[in-house]
1. Taking region 361-392 on its own, how many of its residues are part of a helix (DSSP H, G or I) and either under 12 Å from ILE286 (Cβ atoms) or touching a strand residue (DSSP E or B) at 6+ places or on another chain (Cβ under 8 Å) (or both)?
2. Would you be able to say whether some residue in region 100-117 is surrounded by fewer than 21 Cβ atoms within 10 Å (Cβ to Cβ), at pLDDT 90 or above, closer than 13 Å to LEU149 by Cβ and of a type in the set (Asp, Glu)?
3. Any residue in region 294-311 that is surrounded by 14 or more Cβ atoms within 10 Å (Cβ to Cβ) sitting within a Cβ distance under 7 Å of a residue that is part of a helix (DSSP H, G or I) and among the polar types (S, T, N, Q)? List the pairs, counting only those 6 or more apart or interchain.
4. For GLU350, state whether it is in the same structural domain as SER38 (by TED's automatic domain parsing), touching a residue at least 40 places away in the same chain (Cβ under 8 Å) and either farther than 23 Å from TYR390 by Cα or of a type in the set (D, E, K, R) (or both).
5. Looking only at residues that are among the β-branched types (Val, Ile, Thr) and part of a helix (DSSP H, G or I) in region 393-407, which one is modelled with the lowest pLDDT?
6. Of the residues that make up region 207-220, is at least one exposed (fewer than 14 other Cβ atoms within 10 Å of the Cβ) and at negative phi?
7. Of the residues that make up region 66-85, is at least one at pLDDT 90 or above, in a strand (DSSP E or B) and in the same structural domain as VAL167 (by TED's automatic domain parsing)?
8. Quick check, is SER138 surrounded by fewer than 20 Cβ atoms within 10 Å (Cβ to Cβ), touching a Gly at 6+ places or on another chain (Cβ under 6 Å) and not aliphatic (A, V, I, L, M)?
Amino acid sequence: MGMYLTLAWRNIWRNKRRSMISISSILFAVIIALATRSMQIGFYAQAIRNIVSFYTGYAQIQAKEYWDKRSLDQSFVISDSLTQSIERIKQVTVTAPRLESFGLVSAGDITDGSMLLGIDPESENRLTGLRSRVAEGSYLRPNDNGILLAQGLAEHLKAGIGDTVVVLSQGYHGVTAAGIYPVVGLVKFPTPELNAGMAYLTLDEVQRLFGAEHRATSIALMIENQKQLPQAMSELKSKFDQHYEVMSWEDMLPELVQYIKVDNASGIVMLWIIYLVIAFGILGTILMMTLERNREFGMMIAIGMKRNRLRLIVIIESLLLTFTGVLAGTIAGIPVLLYLYSHPIELKGEYAKVMLAYGFEPLMPFSLDLSIFLWQAVSVLIIALAVSIYPIWRISKIHPVTALRTG
């Protein structure tokens with residue numbers, strides 16, 4: 001095998017200029033493919049992180065039928081035994097109980113609809129980092145009787161820190177819920193939808209407001225790594241699925257899952273177009289190398305070299321040429337991806353507005369997932385083997401006498 005590798009390597013460099021052009025085309029195509037795939041996977045990961053860290057968590061435990069009806073009547077009692085059972089699942093890092101419902105928030109003559117969210121300030125901060133989003137004022141304290149408004153909602157209500165707002169809603173079993181609260185802080189979200197319609201109170205205060213003491217509509221869960229989600233969901237469902245509804249972010253946001261699938265499919269099509277460019281570059285080189293060596297192949301067969309060994313040498317040549325280009329492209333691409341990973345592209349102007357309108361941060365992050373590099377290696381290896389079909393067929397059809405006469 002060592003002799004075949006040596007022969008194949010020397011054959012590649014018979015025409016250095018042609019080989020360098022082929023390797024260069026593979027190199028640039030690999031860099032483009034790596035950057036494209038890294039950007040796609042990075043964007044998906046960022047979108048998922050945004051959703052789970054802004055609101056849903058990776059999973060939630062709810063009462064049966066709550067997700068469809070969104071009614072306080074489908075709330076459940078939070079017990080210490082339930083909380084402890086959830087926390088014993090090793091993949092779960094944070095549990096955040098919530099009691100939420102739609103309501104009206106008024107300041108002066110202005111009234112706006114809002115999602116009213118009762119939270120435990122500390123656990124909610126660990127799950128969503130809500131404290132870091134406080135743009136003005138202060139964050140909620142455990143026994144606070146104030147309200148935290150999204151900045152867009154506060155601007156529409158023309159309410160600032162220290163102003164008083166009136167909250168009206170329908171409580172548990174249809175009771176009237178009404179309360180007056182001072183604004184203690186304003187939070188700013190990067191997505192317009194959240195920024196225009198979120199209001200936070202402590203869980204105890206919302207339970208009192210809705211007449212739903214010790215109850216919650218959901219317990220949001222955070223896990224250490226998204227790859228652990230299937231195992232975590234399996235354990236959660238085995239423990240709680242009989243009495244509660246266990247939902248992952250994928251169950252709660254099927255539109256986002258569908259968007260990722262469609263966009264991923266279009267990205268793979270673009271990658272195969274790039275791979276087609278690579279294939280033609282390799283094919284051109286291998287084709288010329290094969291046609292130029294017709295007499296050589298005829299002579300080698302005539303002096304007794306088996307066709308299978310000749311085919312093997314040609315396959316090795318194709319693989320070596322491809323591997324050299326892929327290796328060079330990967331080595332050149334790693335610093336590029338490292339820089340883009342550390343410095344995500346910040347989108348501005350109209351495109352940024354479109355991204356915000358769809359609920360995404362106007363950033364184009366990149367990923368360093370190992371699968372990106374493995375995908376390139378496997379895909380280009382398949383291309384190299386496919387390109388080898390022609391010279392293999394050519395060698396099978398060679399007649400030594402004719403090849404020696406005509407070249």
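The values are calculated or read from the model by the stated rules, or taken from the named source; none is laboratory data. Because the structure is a prediction, the values reported are computed rather than measured. Don't worry about glycine lacking a Cβ; one is built from the backbone with ideal geometry, like all the others, and counts go over all protein chains shown.
1. The total comes to 9.
2. Yes, the conditions are met somewhere in region 100-117.
3. Here the result reads ARG307/SER396, each pair linking region 294-311 to a residue that is part of a helix (DSSP H, G or I) and among the polar types (S, T, N, Q).
4. Numbers: in the same structural domain as SER38 (by TED's automatic domain parsing): yes; touching a residue at least 40 places away in the same chain (Cβ under 8 Å): no; either farther than 23 Å from TYR390 by Cα or of a type in the set (D, E, K, R) (or both): yes.
In short, no.
5. Quick first cut of region 393-407, residues among the β-branched types (Val, Ile, Thr) only: 395, 398, 401-402, 406.
Of the ones still in play, those that are also part of a helix (DSSP H, G or I) are 395, 401-402, 406.
On the way: ILE395: 74, VAL401: 70, THR402: 72, THR406: 65.
Ranking the candidates gives THR406 first.
6. Looking for residues that are exposed (fewer than 14 other Cβ atoms within 10 Å of the Cβ) and at negative phi, one finds at least one in region 207-220, hence yes.
7. Looking for residues that are at pLDDT 90 or above, in a strand (DSSP E or B) and in the same structural domain as VAL167 (by TED's automatic domain parsing), one finds at least one in region 66-85, hence yes.
8. Details: surrounded by fewer than 20 Cβ atoms within 10 Å (Cβ to Cβ): yes; touching a Gly at 6+ places or on another chain (Cβ under 6 Å): yes; not aliphatic (A, V, I, L, M): yes.
In short, yes.
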